[in-house]
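Below is one structure, written out as structure tokens; the observations come after it.
Readers should treat all values here as calculations from the given coordinates under stated rules, not as data from a laboratory. Predicted model, so just to flag it, every value in this text is computed and none were measured. Glycine gets a Cβ as well: all are built from the backbone with ideal geometry, and neighbour counts include every protein chain shown.
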Amino acid sequence: MELNERHPDTERELDAALRRAVSPPPLPAHFRARLLTRLASTPVGTEVTDAVRASLEQDWRRAQRALERESVRLRWQTLVLVIGGAFTAGAVTVAIMPWVATHYGTQWSRWVPIAVASLGLLASGWVRRPPEID
């Protein structure tokens, strides 16, 4: 699709103005001859594309394996964090419940597990930040 499909004259005028304003850089001496020599010496055919394709597929497989390893590591890390947080929240709740019941009454006891779980979630975000993705 053209930039100015409805106004092709505007696009031609813009191209002409750019040609007038910006001159192309000078080419080195014998550039065309060296280019044609290089193109003539480069094998054209399936060998080059097969080699490039094989290299790209190998790179893709390597990247997929690295992503899979990272995904498994993150899953385990998340599982350990959730189990550790749940255990810690349960232990803190059991330890604090009698104190809250004696000082504030039993009506506040039901809020202790909610408060401890909320604090645990907040603390888990501060414990370790996930790595930055480039």
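For region 27-40, putting each phi into the Karplus relation 6.51 cos²θ - 1.76 cosθ + 1.60 with θ = phi - 60° gives couplings of 7, x, 4, 6, 4, 5, 5, 5, 4, 5, 5, 5, 5, 5 Hz, in residue order, rounded to whole numbers and with x for Gly and Pro. Counted by neighbouring Cβ atoms within 10 Å, the residues H7, H30 run from fewest to most as H30, H7. Each residue of region 100-105 was assigned a 3J(HN,Hα) from its phi angle through the Karplus expression (A = 6.51, B = -1.76, C = 1.60, θ = phi - 60°), giving 5, 5, 6, 8, 10, x Hz with x at Gly and Pro. Backbone geometry of region 110-119 corresponds, through the Karplus equation with coefficients 6.51, -1.76 and 1.60 at θ = phi - 60°, to 3J(HN,Hα) couplings of 6, 7, 4, x, 5, 5, 5, 5, 5, 5 Hz, x marking Gly and Pro.
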